[in-house]
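Below is one structure; the comments refer to it alone.
The values are calculated or read from the model by the stated rules, or taken from the named source; none is laboratory data. Predicted, not measured: the structure shown is a model, and the values here were computed from it. Ideal geometry is used to build each Cβ from the backbone, glycine not excepted, and the neighbour counts take in all protein chains shown.
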Ligand code: BTN
């Protein structure tokens, strides 16, 4: 169990969990004390994927006064990442949560993953020197070149409301990574003394995400992001488009948040969700 918050009487947990099946929801704690904390927090001891459970049916069932919903679990058994990959999230040391935010400030869709990446970097800089963090476009967070956090981001139009759903995994505690991840992934535990509690990391991230979602101007976001991401500048990358591998060199981002890349002498925006930095031996 991660954290409990006082229950507010005027939102009925029964109404909110109706149709979901209750086995994975151990508690509901509506209305955290102050803005910009989420209106509603759901904590599960165990579930398959916070991103899958916080679905449109759940969002559509919320009373209109709920403007943000956090779902966090102690044990995520079938977490997934981009491109259908699974997400390694050992119980007790990984932080796994999804946060749905009702959109107050409309943005180009391509800005949302960047906002998530930036909010993560800003928040984790409470524990890690900013110079050791790097944003791998669009929203992976690297610590000394290894991945410390991955995110999923999706947009949902439900009636009159628009929601952004953000799913975040952060490696916080001691972790024994499997061989295929050990050269690419790291955890806060290995870079902090003492390592932060997952509750603190969670609260910091949620705070930054809500604050930036509601307040950060688009041009400021692009400027801040570009300063925090080395891959955006003059980096050789590859990406897959329609099943074909392409290669090129990055040269900033356009106004929509797309990565600009020079390929065979032409600069163009990339509309992909994933790029890979080429290793020196691949150049
Ligand atoms: C990636 O790097 O490919 C994205 C990883 C996202 C993992 C998080 S953990 C919480 C949420 N639930 C999921 O199933 N995935 C996201």
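Residues in segment 109-152 that are in contact with a helix residue (DSSP H, G or I) (Cβ under 7 Å, 6 or more places away or on another chain) and more than 20 Å from residue 185 (Cβ to Cβ) were compared, and the one that is surrounded by the fewest Cβ atoms within 10 Å (Cβ to Cβ) is 126. Of the residues that sit in segment 84-104 and are within 7 Å of the ligand (Cβ to nearest atom) and touching a residue at least 40 places away in the same chain (Cβ under 8 Å), which one is nearest to residue 115 (Cα to Cα)? Filtering segment 84-104 for residues that are within 7 Å of the ligand (Cβ to nearest atom) and touching a residue at least 40 places away in the same chain (Cβ under 8 Å), the one nearest to residue 115 (Cα to Cα) comes out as 98.
Consider segment 257-276 and keep the residues that are at positive phi and over 23 Å from the mean Cα position of the chain (by Cα). The one that is surrounded by the most Cβ atoms within 10 Å (Cβ to Cβ) is 264.
Please note which strands (runs of 3 or more DSSP E) are completely contained in segment 121-205 and include at least 1 residues that are within 16 Å of the ligand (Cβ to nearest atom) and touching a residue at least 60 places away in the same chain (Cβ under 8 Å). Give the derivation first.
On the way: elements: 133-136, 140-143, 146-158, 161-171.
Fully inside segment 121-205 and qualifying: 133-136, 146-158, 161-171.
Taken residue by residue, segment 60-69 has no member that is within 17 Å of the chain's Cα centre (by Cα), more than 9 Å from the ligand (Cβ to nearest atom), modelled with pLDDT of 95 or more and crowded, with 21+ Cβ neighbours inside 10 Å.
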